[in-house]
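See below for the structure under consideration.
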Amino acid sequence: MENQKSKIGVYICHCGGNISDYVDIEKVKNLIAREEGVHLVNNMMFTCSDSAQVDIVNDIKENNLDGMVVASCSPKLHLLTFRDVAKRAGLNQYNYIHANIREQCSWAHSDKTELATDKAVRIIRAAISKVRLSETLEQIEIPAINTAVVVGAGVSGMRSAIELADQGTNVYLIEKDHFVGGRVSQWGKLFPTEEPGENLVERLYHKVKERENITLFTGAEIKAVNGSVGNFELDVHITPRYINGMCDEAIQDQVLKACHAEVDDEFNFGLTKRKAIYKNYPNAYPETPVVDMDLCDKCGECLKICDGRITLDQKEENISIKAGAILLNTGFDPYEPKEGEYGYKQVDNVITLQQFKRLIESNGDKLVYNGKKIRDIAYIYCVGSRDAKGENKHCSRYCCTSAIHTAVDAKTKFKNIRNYHVTRGIRTYGKQETLFTDSSRQGDTYFQFFEGAMPTVENENGKALIKVKDALTQNEDIEFTADLVVLVTGMVARKDENLVNIFKVPVGSDKFYNEIHNKLRPVETVIEGLFIAGGCQSPKNIRATMASTLAASAKANSLIQSGMIALEPIVAKVNPELCEWCGACDDLCTYNAFEKVEYEGKTVAKVNEAMCKGCGACTPVCPTNAIDVVSLSDTEIETMIDSFVRDVEFATTTTEEKADSFAEVVDFEKQVRVLPELSQRILDSLETEPKAIPDIAKELGVAADDVLYHLMSLRKYGMIKDTDEINEDEYYLYELKK
Amino acid sequence: MSDYQPKILVFSSEKISDPAIDLAGLLKKHYSPLVYNITLQCTSSVKPRWILHALRSGIDGVFIASDGTDCAYRSDCSDLTNKSIAKAQEVMKEKGIDLSRVKMAALCSVCADPFVNHMKSFSETLANLGSIKNEIGQKDG
Ligand SMILES: Cc1cc2nc3c(=O)[nH]c(=O)nc-3n(C[C@H](O)[C@H](O)[C@H](O)COP(=O)(O)OP(=O)(O)OC[C@H]3O[C@@H](n4cnc5c(N)ncnc54)[C@H](O)[C@@H]3O)c2cc1C
Ligand code: SF4
Ligand code: SF4
């Protein structure tokens with residue numbers, strides 16, 4: 001171990017009140033200043049702000065600091081930010097240690113501020129003791145294959161493959177179904193472009209096929225994964241189509257007719273049947289139909305007609321592929337209501353929105369369901385969404401828009417239908433609001449119910465009777481009959497335990513795949529090299545799907561394209577003096593990281609840094625305690641424990657002193673200009689006159705949300721105040737507190 | 001229930017259980033402020049001597065938030081961690097330290113509620129046992 005660090009800088013963040021509202025920063029600062037090795041302690045309103053970062057860099061340089069502790073939010077958010085600060089200041093990034101005093105202190109203990117302050121001191125002390133012992137380390141470089149596996153060839157997966165390929169990454173695109181396009185090919189006209197989903201799928205498919213560095217596998221499922229970031233190895237099972245290449249269209253039609261085996265057509269959500277030899281829809285891609293071997297009884301009828309392309313004895317295959325990164329784009333399932341939910345599967349004319357979409361597509365110029373002409377249609381909203389007490393608490397976001405869009409589309413196609421919308425309050429956010437106007441203009445009727453009083457659907461003489469307590473007419477009980485009830489169902493996570501088990505992808509309480517951080521790292525998972533995008537992450541329309549898809553593609557490409565990945569040097573290390581080569585560590589390590597080497601006349605274990613993942617599982621099994629994980633050695637852990645238990649001795653402060661100290665901090669904050677740049681610009685803008693948030697946002701060319709956030713912090717610090725005045729749009733004005 | 005406020009040391013893992021502890025804070029779900037956390041890569045690396053050091057230094061209980069089957073490194077992470085715990089407990093038994101002062105449970109990355117509930121029940125168990133100092137003091141001389 002190198003000499004202990006003795007010139008440590010400690011930076012304590014107020015986080016605009018998120019920490020300092022609950023932790024007495026001034027007290028913490030005074031106590032920390034007395035710790036061994038601490039050269040200076042500074043508190044800052046936002047440590048992560050650009051100006052604060054510059055101040056820290058200057059501090060480190062001017063004072064020749066040899067260690068740094070930042071006490072702020074979770075390191076999951078800003079570890080990289082401050083490592084970068086250390087690097088800019090010429091300090092080794094591993095001589096900086098982070099202390100989490102927000103998520104694990106001020107927020108968790110906002111109910112007990114004195115004890116939160118006490119805990120903050122202990123957490124920072126532990127970080128200081130760790131930094132004192134910290135070594136100067138370099139990252140380990142490992143080779144990465146510039147190939148990505150994209151799982152799922154819906155619009156998200158295909159777009160991802162195209163993007164990655166254009167950035168120079170080879171792509172294996174793995175689709176479970178025999179046809180590409182996912183859900184979008186099922187929806188007919190899409191909002192807002194009015195382009196049929198099939199066309200969008202067709203365009204993307206051709207782009208995929210044009211690129212030589214994309215290999216598409218359909219009927220393909222991942223069975224196992226080995227290795228890790230940079231070098232994953234995947235076992236893929238491929239079910240063949242049992243048909244070789246495209247056949248003549250006329251023959252294809254005859255073959256489809258000749259096949260006698262039938263099953264409910266999943267593509268049409270069971271509204272129709274399909275044969276054992278089938279295509280999802282006539283224009284589905286790849287063009288060649290497929291034989292469903294689970295259904296086919298090998299009667300041989302098709303073989304009599306076909307020109308030799310059908311080969312029922314094709315074999316299933318298992319292939320192995322290698323990739324540096326994996327992107328999951330496996331989409332979602334539309335919610336399937338429970339039997340009896342609003343009469344589903346009990347009252348004849350109750351169907352789901354997804355079924356209605358297929359019904360519109362498969363009907364000519366008249367709308368017919370179960371042989372009956374449809375005139376009056378009732379849409380019941382939020383089925384399988386916003387269920388506070390049930391499984392699906394989330395709003396699926398797409399469904400209000402989709403239901404109204406579908407109703408407008410249906411009315412355009414089938415002139416004499418009438419639409420009745422039974423909603424829980426319409427959420428056609430953003431530009432989608434114009435649809436609502438179109439629908440109202442064409443004469444659609446709207447009712448609204450609340451969660452406590454749900455509408456009901458019953459059978460009445462072959463029609464559906466809908467009863468609703470309508471909030472729009474002062475809770476009047478309204479009853480009407482409809483020929484068809486469309487349940488506006490939400491989006492739920494795809495039932496796919498398999499992938500969760502194989503990849504160990506974390507899932508949230510809503511069962512969708514979970515990113516590292518909703519705002520800051522929205523497409524990465526805790527598993528390095530594994531990314532998520534599109535409908536498998538949360539309910540999304542195509543626009544939001546594409547935004548996350550492009551982000552994930554860019555992230556994956558930038559990780560592997562250089563052929564090298566820098567890994568943390570946090571690996572196991574064997575002390576050869578203590579090792580007596582017993583092989584226990586070698587037996588235990590599943591990553592084969594141990595080698596046998598000679599050391600001063602004896603055989604000892606040595607860790608191969610590129611193979612070691614740093615899990616540390618080997619460390620407790622060594623009988624001579626010869627193994628430690630770098631930065632988590634016995635000494636480091638044990639001194640951290642000592643720092644936690646050592647008593648914190650506060651001098652008692654009176655309420656007046658507290659108030660003075662707070663005023664001092666505010667003063668201090670004002671003086672030292674640690675304000676984020678935007679806060680400062682807002683203050684400058686308010687110099688001239690009081691202003692409202694949207695006006696400030698417009699003037700500074702930034703988002704209103706950002707202005708709001710900074711404004712609230714400035715108000716908390718007594719630097720601005722709200723006025724009673726409003727502008728012409730009825731927004732309150734804020735002014736400087738002089 | 002006793003009024004004693006026990007100190008708890010948590011060993012968590014960087015990728016799975018530590019995010020759950022963060023999430024508890026983010027959601028302002030409260031637990032005892034005498035809970036301190038050391039984040040490791042994987043809890044299978046906890047050495048029995050760390051557990052013993054903590055107890056000897058005045059930590060009343062050690063809670064290991066393992067990743068269970070979610071562990072990104074090893075599917076047997078909880079089994080391995082259990083082995084270290086068992087070794088520590090052998091020594092604890094010898095020294096007359098109550099074995100329930102060390103506890104392991106698997107947490108997923110969004111297990112904020114389970115974490116808080118574990119902290120509440122573990123605090124209660126430890127409060128009833130009283131200070132570790134008494135236990136070590138009495139029995140170990
Ligand atoms: C009724 C309805 C109407 C909609 N209308 C619109 C609209 O008008 N405009 C709009 O913008 N959005 C609309 N949406 C939303 C749109 O459907 C989604 O944004 C889009 O489908 C998301 O694309 P995706 O590729 O992420 O998922 P998906 O479309 O679900 O595709 C996922 C693909 O992954 C494959 N897959 C799944 N699991 C595996 C596996 N284990 N291995 C290999 N492959 C796998 C699937 O077979 C599928 O091909 C609508 C949604 C619904 C429910
Ligand atoms: S377990 Fe310890 S003693 Fe045995 S070979 Fe590994 S490092 Fe050496
Ligand atoms: S730390 Fe984990 S990966 Fe590294 S040598 Fe030990 S057991 Fe193997």
Taking region A:618-636 and keeping residues of a type in the set (A, V, I, L, M) and either more than 13 Å from ligand 2 (Cβ to nearest atom) or not in a loop (DSSP other than H, G, I, E, B) (or both) leaves A:V621, A:I627, A:V629, A:V630, A:L632
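Using the structure shown, decide if A:A533 is more than 23 Å from A:V350 (Cβ to Cβ), away from ligand 2 (no atom under 16 Å from the Cβ) and touching a helix residue (DSSP H, G or I) at 6+ places or on another chain (Cβ under 6 Å).
Taking the combined requirement at face value, the residue satisfies it.
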- prompt: Can we say A:I97 is away from ligand 1 (no atom under 16 Å from the Cβ) and free of Cβ contacts under 8 Å to residues at least 60 places away in the same chain?
  reply: yes
- request: Say whether the condition of being away from every other protein chain (no Cβ under 11 Å) and not aliphatic (A, V, I, L, M) is met by at least one residue in region B:103-113.
  value: yes
So, A:A284, is that one surrounded by 23 or more Cβ atoms within 10 Å (Cβ to Cβ), on the phi < 0 side of the Ramachandran plot and assigned by TED's automatic domain parsing to the domain that holds A:D265 or not?
yes
Of the residues in region A:147-183 that are surrounded by fewer than 24 Cβ atoms within 10 Å (Cβ to Cβ) and within 18 Å of A:A493 (Cα to Cα), the one that is farthest from ligand 3 (Cβ to nearest atom) is A:R183
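A quick yes/no check of all residues on (1) at pLDDT below 95; (2) in contact with a strand residue (DSSP E or B) (Cβ under 6 Å, 6 or more places away or on another chain); (3) of a type outside the set (D, E):
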| position | (1), (2), (3) |
| --- | --- |
| A:M564 | yes, yes, yes |
| A:E577 | no, no, no |
| A:C582 | no, no, yes |
| A:C615 | yes, no, yes |
| A:C622 | no, no, yes |
| A:A626 | no, yes, yes |
Among residues of region A:405-436 being within 32 Å of the chain's Cα centre (by Cα) and hydroxyl-bearing (S, T, Y), the residue nearest to ligand 1 (Cβ to nearest atom) is A:T406
Of those in region B:56-84 that are more than 16 Å from ligand 3 (Cβ to nearest atom) and either acidic (D, E) or more than 10 Å from every other protein chain (Cβ to nearest Cβ) (or both), the residue surrounded by the most Cβ atoms within 10 Å (Cβ to Cβ) is B:A65
In region B:23-50, anything farther than 28 Å from A:S633 by Cα, in a loop (DSSP other than H, G, I, E, B) and at the interface with another protein chain (Cβ under 7 Å from one of its Cβ atoms) is listed as B:K28, B:H30, B:Y31
In the set A:A108, A:A126, the lone residue that is within 10 Å of another protein chain (Cβ to nearest Cβ), touching a residue at least 60 places away in the same chain (Cβ under 8 Å) and closer than 18 Å to B:K7 by Cα is A:A126
Among strands (runs of 3 or more DSSP E) entirely within region A:507-617, at least 1 residues that are farther than 22 Å from B:T43 by Cα and more than 16 Å from ligand 1 (Cβ to nearest atom) occur in A:564-567, A:594-599, A:602-607
How many residues of region A:525-552 are among the small types (G, A, S) and within 14 Å of another protein chain (Cβ to nearest Cβ)? The answer is 2
Taking region A:595-648 and the residues there that are free of Cβ contacts under 8 Å to residues at least 12 places away in the same chain and acidic (D, E), the one that is nearest to the other protein chains (Cβ to nearest Cβ) would be A:E638
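Check region A:197-217 and report whether any residue there is within 23 Å of A:L295 (Cα to Cα), over 25 Å from the mean Cα position of the chain (by Cα) and at pLDDT 95 or above.
The first filter runs over region A:197-217 and keeps only residues within 23 Å of A:L295 (Cα to Cα), leaving A:217.
Then drop every residue that is not over 25 Å from the mean Cα position of the chain (by Cα), which leaves A:217.
When the remaining residues are screened for being at pLDDT 95 or above, the result is A:217.
Scanning region A:197-217, I find at least one residue that is within 23 Å of A:L295 (Cα to Cα), over 25 Å from the mean Cα position of the chain (by Cα) and at pLDDT 95 or above, so the answer is yes.
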Requested in this report: Kindly establish whether B:D76 is away from ligand 1 (no atom under 16 Å from the Cβ), under 20 Å from B:E14 (Cα atoms) and of a type in the set (D, E, K, R).
Outcome: yes
Just one listed residue, out of A:A323, A:A276, A:A258, is within 28 Å of A:T545 (Cβ to Cβ) and surrounded by 15 or more Cβ atoms within 10 Å (Cβ to Cβ), and it is A:A323
Scanning region B:30-55 for residues that are surrounded by fewer than 20 Cβ atoms within 10 Å (Cβ to Cβ) and more than 21 Å from A:I627 (Cα to Cα) gives B:H30
Looking across region A:328-365 at residues that are within 25 Å of A:R241 (Cβ to Cβ) and of a type outside the set (S, T, Y), the single one that is nearest to ligand 2 (Cβ to nearest atom) is A:L328
Residue within region A:566-587 that is within 16 Å of ligand 3 (Cβ to nearest atom), more than 14 Å from chain B (Cβ to nearest Cβ), among the acidic types (D, E) and within 27 Å of B:R74 (Cα to Cα) present
yes
Counted residues in region A:111-123 being touching a residue at least 40 places away in the same chain (Cβ under 8 Å) and within 8 Å of chain B (Cβ to nearest Cβ) come to 4
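Table: residues versus (1) aliphatic (A, V, I, L, M); (2) within 19 Å of B:N37 (Cα to Cα); (3) crowded, with 17+ Cβ neighbours inside 10 Å.
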| site | (1), (2), (3) |
| --- | --- |
| A:N3 | no, no, no |
| A:V10 | yes, no, yes |
| A:S20 | no, no, yes |
| A:I56 | yes, no, yes |
| A:K61 | no, no, no |
| A:V85 | yes, no, yes |
| A:Q93 | no, no, yes |
| A:Y96 | no, yes, yes |
Screening A:R125, A:R159, A:R132, A:R83 for residues that are within 16 Å of ligand 1 (Cβ to nearest atom), among the charged types (D, E, K, R) and outside any strand (DSSP E or B) leaves only A:R159
Over 24 Å from A:L79 (Cβ atoms), at pLDDT 90 or above, within 12 Å of ligand 3 (Cβ to nearest atom) and buried (at least 18 other Cβ atoms within 10 Å of the Cβ) - does that describe any residue in region A:529-538?
no
Note on A:T330: of the conditions (1) in contact with a Gly (Cβ under 7 Å, 6 or more places away or on another chain); (2) more than 30 Å from A:G563 (Cβ to Cβ); (3) not hydrophobic (A, V, I, L, M, F, W, C), unmet is (2)
Margin query: Among the residues of region A:15-22, are any of a type in the set (D, E, K, R) and outside any helix (DSSP H, G or I)?
Written below: yes
A:K413 meets each of (1) at pLDDT 90 or above; (2) closer than 12 Å to A:A471 by Cα with one exception, condition (2)
Within region A:432-474, restricting to residues that are in a loop (DSSP other than H, G, I, E, B) and among the polar types (S, T, N, Q), the one that is nearest to A:F414 (Cα to Cα) is A:Q442
If you go through region A:493-505 one residue at a time, do you hit one that is away from ligand 3 (no atom under 16 Å from the Cβ), of a type in the set (G, A, S), surrounded by 23 or more Cβ atoms within 10 Å (Cβ to Cβ) and modelled with pLDDT of 90 or more? no
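The values are calculated or read from the model by the stated rules, or taken from the named source; none is laboratory data. Model, not experiment: these values are computed from the prediction. Because the Cβ atoms are built from the backbone with ideal geometry, glycine has one as well, and the counts that use them run over all protein chains shown.
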